[in-house]
Each structure stands twice: as structure tokens, then as C-alpha cells.
1. Take the residues of the stretch B:319-354 that are surrounded by 22 or more Cβ atoms within 10 Å (Cβ to Cβ) and of a type in the set (Gly, Ala, Ser): which is farthest from the other protein chains (Cβ to nearest Cβ)?
2. Would the stretch B:1-12 turn up any residue that is surrounded by fewer than 17 Cβ atoms within 10 Å (Cβ to Cβ), assigned to a helix (DSSP H, G or I) and acidic (Asp, Glu)?
3. Output the residue which, of all residues in the stretch A:324-346 that are at the interface with chain B (Cβ under 7 Å from one of its Cβ atoms), free of Cβ contacts under 8 Å to residues at least 24 places away in the same chain and not aromatic (Phe, Trp, Tyr), is surrounded by the most Cβ atoms within 10 Å (Cβ to Cβ).
4. Suppose we keep only residues that are surrounded by fewer than 17 Cβ atoms within 10 Å (Cβ to Cβ) and not in a loop (DSSP other than H, G, I, E, B) within the stretch B:157-176. Which one would you say is nearest to the other protein chains (Cβ to nearest Cβ)?
5. Check residue A:309 against each of (1) within 12 Å of chain B (Cβ to nearest Cβ); (2) touching a strand residue (DSSP E or B) at 6+ places or on another chain (Cβ under 8 Å); (3) within 25 Å of residue A:74 (Cβ to Cβ) and name the one condition it does not meet.
6. For the stretch B:230-247: of the residues being in a helix (DSSP H, G or I) and in contact (Cβ under 8 Å) with a residue 60 or more places away in the chain, which is farthest from the chain's Cα centre (by Cα)?
7. So which strands (runs of 3 or more DSSP E) are wholly in the stretch A:45-102 and hold at least 2 residues that are more than 19 Å from residue A:138 (Cα to Cα)?
Amino acid sequence: MSRTVRLKRGYNIPIKGEAEKIIAGESNPIRYGVKPVDFPGLTPKLEVKPGDRIKAGSPLFHDKKAPEIKFTSPVSGDVISVERGERRRILEIVIEKRGNDHIDFGNADPSSLSREQITEKLLLSGLWPAVRQRPYHIIAKPGDTPKSIFISGFDTAPLAPDYDFIMDNSPEQFFKTGVSAIKKLTEGKVHLVLKKDKTKTQEKYNIDGVEISYFSGPHPAGNVGIQIHHLDPVNKGEVVWYINFQDVFAIGNLFEEGVYKPERIIALTGSEVMNPRYYRTLSGCSVAPMIRDNIKSWNLRYISGNVLTGTKINADGYLGYYDSQVTVIPEGDNYEFFGWLLPGADKLSFSKTFLSGIFPKKKFEPDTNFHGGERAFVVTGQYEKVLPMDIYPMFLLKAIIAGDVDQMENLGIYEVAEDDFALCEFICPSKIEIQSVIREGIDLMIKEMS
Amino acid sequence: MNSLRKRVDKIKPYFEEGGKLSKLRSVFEGFESFMFVPNKVTFKGSHIRDNIDLKRTMFVVVVALLPALLFGSYNTGLQHFRSVGADASLLLSFWYGFLRILPLIIVSYVVGLGIEFIAAQIRGHEINEGFLVTGILIPLIMPIDVPLWMLALATAFAVILGKEVFGGTGMNIFNPALLARAFIFFSYPGWMTGDNVWTDGLTKGQNIIDGFSGATPLSMCATGDISGMPSFMEMFIGTIPGSIGETSTIAILIGALILLVTGIASWKIMVSVFGGGLVMGLLLNAISANTFMEIPFYYHFVMGGFAFGAVFMATDPVSGAQTEKGKWIYGFLIGLLSVLFRVLNPAYPEGVMLAILLMNMFAPLIDHFIVQSNIRRRLRRAEIIIANKV
């Protein structure tokens, strides 16, 4: 029996620039980048240096604390640079594509392999980092046994790609094989969560051994953290794993053809994109070719991911490991004369304090301005409106700020990640950096528990 | 606006770290961000931010207070001219009252903002917007004849000991505006009680015509002599003596509507305050042991500061309950206690102020129990799973 969860709380931010359901083409840029900073808490140890010739699937670096977790190259070619930031922190490893060599990890039917064999294949190929865990929203530990594994079958974030469209344009068999490999990793259930609106594509998900559930409601209903909270919440000492939708295809591809080929159908979105459409490409691709001659103006913010949780990149930056979306919006580095006093028919706000509140259908072109200065917590009862969890957000945030580990645990730190609080951060009238606070809390928790 | 912006940019370096006027940095920033929403952009986390900030939030509350302020101006003039037996037009009454109220507003803002500026500079923070609302609330809950020095003293007390010692806006335990009123109430009771302070000129012994009392409906009820009681409609409209902003229920309801439509104030608190007042009112009606208890329960909503307190004071998010369930309890108890204090404690005919301050103190306790029930729920969930495994 499939379960249906109807969520009321949340908010679909009305922004312009949704991708038209057309695949504009393949984007095969010359440059690719793999970014250790995509993985919170990771200390990377390089395995290559500039000038090395590598194949698709060759390890670039590994986790210093868990050397078996490898991060590999999506393409064959030459390592041309290792970009470093403050305190020599590795930001990205840049690869120039050449040839089509790849490491052969050997194809196999996952149902005939043991859990250990599957884990090893994922670790070697560089697909293990696709498996993440609650608590903490970090890469899963290969030695853990999760009580269940989740795959979210839809994304509700602003301008997010339509997973049904991706499914219809991807090899169905890869998904099935991927799921059968994932199934081996847990003794519990594999949950596939779909949006509650019966589509034809959803019939494709009737895969043996998969528990399908339906969610309805505004963002963040598509967030896997919200889904876990409602279907199989994480208690102290328990672990739940989850895998991004498109990585299931990549895992299937690994077992079908023995290659590491993290294919992505990504949505190029945002109000400043001339033709927002879908592109077929690989994880880590340079976004430059897609963006070139396809933007409306200058002084823009390029984001790998969505406007709420994505990462700021340059116009020639690279797609993040977990991202299936690139968003381009205007920068907001200008002063606005009495901006807080204007009626604001064109001002995006979750509150009803601007004139725009009377046009419920209107779509906006928000920029990156803060629209105010940081203050203490003042207004109450707002975060709850956009966080469909049985959690008291302000009390949890205050516990984190106070560094009260016991209280953080009591209030549900194991169940949350920064993505779930992204909308709270968006609507916060005190302009508190809530996602950073949550990550600080998680980091503190990891430190305390180890 | 570019020329103005250029001018601001030109003088900005003087106020920055190491500049000649760096001691005034917070003041400069306060004025700059008042005129221009800053150019600060997002860096990590959410790339876009809601247009709402605390300035907008506070501005909406100030707008919601305008009907009460405007009516208060008119009523101040009206009561004054009534007391001296003169006939005055609506406009004249309004203008007279406005000129009497203006000094109160100026004193409240100058003293309060002055302290805020200094506190912000000492802490190295930006100036907080909280006082934009407090500064207008304070005059509105004062009797019109309150001396300016007393108002200044009360404001300073409320801002320094009520707010800044706790860490400024967002950290205070008690509603600062009510603290200012409580300060005068306990320190100079002669200026916050009795029949003379509510009508302009009475304390100065101006020529009062015979038959004019200046007593508020509440004090009439408290003394048990309700022969001069205004009608329900008069009290609803607000042409009665009382604190400047509290008399007109209808003006307050317009403000309530603004707060509820914009979602700035909690409807749960407003509704539950009235609910609590209703329950206690009915209970006292059922007992009916004295004149005050016999007053129909719905009179409590239009007398004194009940409506004003429910809409503008109890809904203060900082000093009130912060959990949604807690807000129901918090509001209900405020309503209940307000009416109880009024009727059963003749020394304090205005119970709303004390009821809200008392509940301010207990709001964290209410929240504590609500949050504990969430924690227990989480622990129980874990226990069930462990039990099933064994």
C-alpha cells in the first residue's frame, strides 16, 4: 500500500525563468571541474597533479579520513590545474577533455552481487559520494547499515528540473538496474517518493521491491529530508541514506556497462537566461558554452543549483556534483532609495506587507540583494509556515547558536539539513544566515559525537 | 536620487573605522540604511532574499497604529473642549489634540532613539528598528496630561532597563512600551490614576464646566457609580476619556485588520485575548456580586485598554509566547487576567497592562512546556523503535 502525505506548509517562490521542456542539445564542453567543496566536512587528499593524463573514472582525490571514498574524473583528458583558495584549501580540479578513454569497472548484474561487492564498485568508480546520509547530510559511511534508503522522484525547488521529463529522456533500464543495486545496500525499504499527480511517466517506477509514496504540497515537499521525516524519521543512533534521482541512472550505467559516466539532464533556468531549456551533459561540466550568447545582461549571479541552496560560480564555472540545474539571476549590488517604504508592487515577498501581495499569480525577477541588515530574532511564527516538519525551528536555531548540544539533539538536529531550512532563510525578516547556522550545528554535532 | 547617493558616498569614509567621525558610525549607518536599502548581496546560502526586513515589519505596525493616533488626536481635542464647555469643529478638535500629542511623540522618539543610537555604537551593532514602534506606542498609552520630563524618564527606564540591559531589540523580556507606562503607574501614581489626568487641561485646573467629570468608564465601574457611564456605542467609537490611543475600539480594529491582512501580528494571540476576556466576563456576570461584576461582559472589550492591549501589546513577538500552541495559552490568560484584575482589584482599574506584563514573564515557561512535549514525542518515537527491535 503506498502512502500519501499531504503537506500544507511551505512556499513555491514565484520566479521567472522556468526551463522549457525541450532538450536544447548536448553540451560537451572541453573543461570539467570537480570541486571538493561540494562535499561538506570533506578533507580532500589529491591523487593527481597538473599535467597528469587521466581516464574517465580515474581517481582525482580521496577523503583523507576515509581513503576508500574516491572522487573520480567524469571524462578522460589532462589535469590542467588545481585551484586553491584561502589557506590552500582545494577549490576545484580542472580537467581538459581529450579522447574517450575510460576505466572499465566491469559490468555485472547487481542481483548476483553481494552488498560488499556493490559497495566496492561504487567506491572505486567514484559513485559512492552520491550516497548521502541523515543525520548530518554528508557522504554515507560505507560500513554503516542504513535502516532505509530514499530516492526523491521530484524536485520542488524554485525553477527545478522536472524529473518526469528527465525520466522520459533517459534510459529506463539504467534506473531499474540502479535501483536493484541500491536495494542491496539496505535490509530495510527503498523508498521512492513521487509527486501526487498521476502522470504517465510514474508507471515506469513500478519496480520490484521499491516502496512508492506520494507527497503533495509546496516546496520543500520534494526535499528528501522532509520525506524521511514523514516516512521513516531518523532517531538518535539511526542512519538513513539517500541518493539523488539522476545518480540512480549513473549507478545503473556502472553496472550495465562498467563505466563511470555521471550523465545529467540539467535545466538552465533563471530570469536572465534568454532561452531557458534543458541540456544533456555530464556532472562537473563547464557551464560556459550553455551560457555564452544566452544571457540578457551583465552583472549576473551564476548559480550551480537553485536559488535557495545552490553554489555561486563564475560564468565559466562548473556544475556541482549534486546539481541538476543552473540558475542565472541579476546581482543586486545597488542601493535602493527608501526601498523599505515603497508600496512594492514588484517586490517579491512571502509576507503580505507589499502591494505585490495582492497579485497571487505574479512572477518575479528577484536579484541577490539582502534587502536589509542582519538583526536579532524578532518576528515569531514565520519559519513554521515554510517548514513542514514537527520541529521548532527557532528553538533549534537558538540551541545551535548557544552551542547547547543536548538541546540540539532533543530538538531534532539529526533530522535536518540546511536545504530544509533554506526557505526559512529566504523569508527571515531579521536576515539571519540560517543555512550556515544549521551547518555549524551539524559540524558541532559531528565533532561532539566522534 | 543619484546625487544624494553620491553625497552620502562622499561623506561615508569619515564614519568608517579609523575615520574622524567613527564614533558616530552606528548613527550614520542608521540614517544611511533608513534612506537607502543597502547594496549588500548574498554570498552563501539562499541567493535571493525576501524583500521584507525589520524596517518594513515595524513600518506596517506604525501604519496600523495611525488610525488610533488620528482618532486619539481628535478625541483629545474633543474631551478638552467638552471640559471647558466650548463647541469645536471636528477639525479644530483634531488640530488641538494633534498639537498636544506631538510633543509627547517627539520626546518619546528623541529619548528612546538617542539611547538606541548610543547602545548600538557601544556594541558595534547596526541600529535596530524596534523603537520605531515602541516610540509611538508609548505616547498612545499615556494620559494626555503626563508631564514631558516624566515621559522622558519613563522612556529612558523602559529602553535601558527593559531592553538594552538584556541585549537590545529581540532580547527583552517585557514589552518596553508597557514598562514605560508601568514605571509612571508605580512611581507617580497620581499621573496615571484618578479622574483628572485623562482630559487635557484638567490637571492645570482650567475652567471646567459643571457636570464634567473626566472619569474613565473603568474608574466609574471601580467606584460602583455608573450613573455617568457612556453608552456601548460611545465607547466603541471612542469619544470617552482615557489614554490617548486606547479609547476608540473601531480605530484599533482597523489597525488589527492591517496587522492581520499583512500577517505581521499573530491572529491567534488577538483571538485568544478576546476569548479569555469573554470567558472571565461571563463568569463574573454569572456571579454578579457587585456593580462591576454586573457590567455586561462585552463592555470589557470597549472599556480602557483591552482592545489596544490585545491588538498592539500582547502581539509583540519578542515578549510574547513564541510557539504557535503557546500563543493560544498566552493570549487566553492575558484576556482572563485582564478582566479579573479590573474587576476584583479596585486599586488597579486598568488590568490589561499588568496582565500583559505578568504573562510576558510567563511566556518562556509556556513555551518551555510546549517544546518539552515535542522533545518527549521525539524520545518516545525512538523508544518504540528500540522496543520493537528487542
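1. Going through the qualifying residues, I end up with B:351.
2. The answer is yes; a qualifying residue exists.
3. If we take residues in the stretch A:324-346 being at the interface with chain B (Cβ under 7 Å from one of its Cβ atoms), free of Cβ contacts under 8 Å to residues at least 24 places away in the same chain and not aromatic (Phe, Trp, Tyr), then A:344 is surrounded by the most Cβ atoms within 10 Å (Cβ to Cβ).
4. Quick first cut of the stretch B:157-176, residues surrounded by fewer than 17 Cβ atoms within 10 Å (Cβ to Cβ) only: B:160-161, B:165-167, B:171, B:173.
Narrowing the set further to residues that are not in a loop (DSSP other than H, G, I, E, B) leaves B:160-161, B:165-166.
Numbers: B:160: 17, B:161: 18, B:165: 15, B:166: 10 Å.
Once the filter is applied, the top-ranked residue is B:166.
5. The failed condition is (2).
6. So in the stretch B:230-247, the residues in a helix (DSSP H, G or I) come out as B:232-237.
From the residues that got through so far, the ones that are in contact (Cβ under 8 Å) with a residue 60 or more places away in the chain too are B:232, B:235-236.
On the way: B:232: 24, B:235: 20, B:236: 19 Å.
Taking the candidates together, the pick is B:232.
7. Numbers: elements: A:59-63, A:70-72, A:77-84, A:90-97.
Per the criteria, A:59-63, A:77-84, A:90-97.
One line per residue, one yes/no per condition, for (1) closer than 20 Å to residue A:30 by Cα; (2) hydroxyl-bearing (Ser, Thr, Tyr); (3) outside the structural domain of residue A:167 (by TED's automatic domain parsing):
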{"position": "A:282", "(1), (2), (3)": "yes, no, yes"}
{"position": "A:294", "(1), (2), (3)": "yes, no, yes"}
{"position": "A:300", "(1), (2), (3)": "no, no, yes"}
{"position": "A:306", "(1), (2), (3)": "no, no, yes"}
{"position": "A:310", "(1), (2), (3)": "no, no, yes"}
{"position": "A:314", "(1), (2), (3)": "yes, no, yes"}
{"position": "A:318", "(1), (2), (3)": "yes, yes, yes"}
{"position": "A:321", "(1), (2), (3)": "yes, yes, yes"}
{"position": "A:324", "(1), (2), (3)": "yes, yes, yes"}
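The values are calculated or read from the model by the stated rules, or taken from the named source; none is laboratory data. The structure presented is a predicted model; accordingly, all values stated were derived computationally and were not measured. Every residue, glycine among them, receives a Cβ derived from its backbone with ideal geometry; neighbour counts consider all protein chains shown.
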